[in-house]
Each structure stands twice: as C-alpha cells, then as structure tokens.
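*Asks:* The structure's right below; bear with me while I get my questions together.
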C-alpha cells in the first residue's frame, strides 16, 4: 500500500474547497492510498507532464500526483478539472 505525501500547494488548495468537495477528496485519497488503480479514480497520465498522473475526485474536480521511489505518492494539487491539468 503506497504512502501518501501532500504538497503545500495541495494543502492550500484543499483548504479553499467547499466542505462537500473536501469530503470527496478525503475519499479519493483513501482510495489512492489503498489502490492507485481503483476504477473510480480513473487514474491516467497527464498529457505533456511526464511522470504526473491525474485522479478523479468527481465530475468537476481532479487531483494530480506523482509516483516516487519507495512506494510513495506525492499528491501535488487539487482543483477544477481544466485548471488543475493546466498546471499539474
């Protein structure tokens, strides 16, 4: 099971999200920690950003992460789909 590391950028973005979205993010993080390939995350590489992946939180929100040595996932940012993928 991978370990999750949250960047300051992620923490700051998370703090500004509405409470219902924060709950969905917590669920997505649990799924990511248990299985980064969980079907509801719809994880896939971010186009044009080698080594960075996106995971679905809900229809409108995505988070990005990278896989690091030692079974570590660094979660980089959370936000609305298009905004998040412009600067993953």
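*Asks:* Once you have the Cα-Cα distance between residue 47 and residue 19, take 0.36 nm times their residue separation minus that, and quote the gain in nm to one decimal.
*Replies:* 7.1 nm
*Asks:* Hey, another quick one. Divide by every residue of the chain the summed helix terms, -39500 (n - 2.57) for each DSSP H run of at least 4, and state the resulting mean residue ellipticity at 222 nm, rounded to the nearest 500 deg cm²/dmol.
*Replies:* -10000 deg cm²/dmol
*Asks:* Taking the simple approach of a point 7 Å from Cα along Cα-to-Cβ for both residue 37 and residue 3, what is their distance in nm?
*Replies:* 2.3 nm
*Asks:* Taking 7 Å along the Cα-to-C-beta vector as the label spot, tell me the residue 83-residue 67 distance in nanometres, rounded to one decimal.
*Replies:* Computed distance between label sites residue 83 and residue 67 equals 2.9 nm.
*Asks:* Using a simple spin-label model with points 7 Å from Cα along the Cα→Cβ vector, what separation in nm is obtained for residue 27 and residue 11?
*Replies:* Placing both labels 7 Å along Cα→Cβ, they lie 2.6 nm apart.
*Asks:* What Kirkwood Rh does the chain have if only Cα atoms enter the pairwise 1/r average? Answer in Å. Write out the running numbers ahead of the final one.
*Replies:* On the way: mean 1/r = 0.0789 Å⁻¹.
Kirkwood radius, the chain: 12.7 Å.
A short reminder: the numbers here are calculations on the coordinates, not readings from a lab. Since the model is a prediction, treat every value here as computed from it, not as a measurement. Note that we place each Cβ from the backbone using ideal geometry, even for glycine, and neighbour counts take in every protein chain shown.
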